[in-house]
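Have a look at the structure below, then the notes.
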Amino acid sequence: LIADGVRQGTSIQSFILRNAALPVEGVRRIADAMIGCCSMEHVDLSKCGIREDGADLLSQALRVSRSMKILILDGNKVGPLGGEKLADAIGESGTMRRLGLAFNDIGPDAAGKLGDAIQRSATMQEVDVQGNGIGADGLDRFVEGIASSTSMTAVNLGDNSLGDQGASKIGAAVARSSTMQDLDLQLNQIGVEGGRDLAAAIAASPSMKRLALIANCVGDDGAAALAAAILESNTFEVLDVQYNEIKRVGAEKLAETVAASQSLLTLDIGSNSIGGAAMRKLGDAVVGNTTIRNLWTEGCLTKESATAHLKQCAAVNGVKLEPPPPEFMLRLEEE
């Protein structure tokens with residue numbers, strides 16, 4: 001009934017239905033509404049139990065719609081074939097900007113097709129494919145799409161077992177891209193070598209602004225490489241390296257970057273054993289640089305005196321030390 005009402009409406013732009021057991025007939029009606037409502041731009045059907053047949057219906061609607069810009073299907077079960085059908089539709093759409101396919105088990109072949117679609121599209125800007133079992137071997141066509149695209153700005157490849165090999169591939173693509181700004185690679189077993197390759201990408205990129213590496217293992221050497229790369233960048237703003245086995249040496253290198261960078265706005269180094277000396281250096285760094293706005297060290301267990309020093313220093317320039325709610329770090333919704 002809701003979908004029928006949307007189809008008859010002339011000015012509805014968004015349809016959001018999450019955490020619902022949606023039968024195929026329900027998906028069909030929503031797909032019909034996407035076609036029939038000429039103003040529909042944004043559909044979110046996260047965690048609605050959509051499978052391959054539902055993905056097929058939605059892909060058909062994407063091909064016909066002249067207004068759809070955002071489709072979010074996170075946490076469904078579209079699988080490899082459903083992922084391929086959606087990818088083909090994205091490649092044919094002249095309006096789509098953002099696709100959310102997180103945790104759908106699309107696998108490497110569908111990811112490759114999605115990369116082909118991104119390369120063909122003149123409008124796609126953001127893709128979320130975290131938790132899809134892509135792996136490093138399945139990345140080649142996907143990252144080629146990112147490298148070749150003239151519109152892509154944000155990609156979430158978190159939790160895809162990429163390792164250092166995958167980090168190297170995505171880093172090379174980012175370095176070639178003229179538009180990429182935001183890359184999320186959390187939970188990917190990325191070590192020192194992968195961290196170095198991503199650092200090289202930041203240094204080479206004319207557009208990168210944010211890198212999230214939560215729960216990897218870049219260590220001190222990887223952190224040092226990232227710190228040096230940020231100093232070479234004129235655009236980089238946000239680095240998140242929580243849970244990365246960073247200790248004193250790596251944290252001190254990042255502190256040097258905090259002190260000197262003219263672009264870095266936010267550093268999250270939480271849940272790393274950085275020690276009191278590095279914490280004090282981070283404090284000294286924020287006093288000398290008015291660019292940094294957020295320095296998050298939650299979970300870095302150090303002596304109270306070092307934490308107190310950081311708080312004292314942060315107060316000088318109004319640097320925030322408390323992490324915001326999680327939604328702050330999510331991608332912005334549609335314009």
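Worth pointing out:
- Listed by chain and number, the lysines whose C-alpha is less than 26 Å from the C-alpha of K85, apart from same-chain residues fewer than 8 away, are K47, K69, K77, K113, K169.
- The share of Cα pairs per 10 Å bin across the range 98-157, counted from zero up to the longest distance, runs 27, 61, 12 percent.
- Residue by residue, the range 189-197 carries 3J(HN,Hα) couplings of 6, 8, x, 4, 4, x, x, 5, 5 Hz when phi is fed to the Karplus relation 6.51 cos²θ - 1.76 cosθ + 1.60 (θ = phi - 60°); x denotes Gly or Pro.
- Measuring between their Cα centroids, the range 41-60 and the range 68-128 lie 11 Å from each other.
- Size of electric dipole in the chain: Cβ of Lys, Arg +1 and of Asp, Glu -1, about Cα centre, debye, nearest 20: 520 debye
- Share of carbon and sulfur in the accessible heavy-atom surface of the chain [1.4 Å probe, %]: 51 percent
- Across the chain, the volume of the C-alpha convex hull divided among the residues equals 116 Å³ per residue.
- Nearby lysines by direct alpha-carbon distance to K303 (threshold 18 angstrom, same-chain neighbours under 8 apart not counted): K247, K281, K311
- Euclidean distance of C-alpha centroids, the range 249-280 and the range 175-244, integer Å: 14 Å
- The gain in end-to-end length when the N19 to S263 segment is fully stretched comes to 83.9 nm, 0.36 nm per residue minus the alpha carbon separation.
- For q = 0.14, 0.27 Å⁻¹, Debye-computed log10 I/I(0) when each Cα of the range 42-83 counts as one equal scatterer: -0.28, -0.98
- Rh (Kirkwood; distinct C-alpha pairs) - the range 8-77, Å: 11.8 Å
- Normalising by residue count, the range 213-335 has a Cα convex hull of 101 Å³ per residue.
- Cα gyration tensor shape of the range 215-273, rounded if a/c is under 1.5, else prolate or oblate by comparing a/b with b/c: prolate
- Across the chain, the relative contact order, built from alpha-carbon pairs under 8 Å that are at least six residues apart, equals 8 percent.
The values are calculated or read from the model by the stated rules, or taken from the named source; none is laboratory data. Remember, predicted model here, so these are calculated numbers, not experimental data. When we count neighbours, we look across all protein chains shown, and the Cβ atoms used for this are built from the backbone with ideal geometry, even at glycine. With ligands, DNA and RNA removed, areas are computed over all heavy atoms of the protein, side chains included. Shrake-Rupley method; radii C 1.70, N 1.55, O 1.52, S 1.80 Å.
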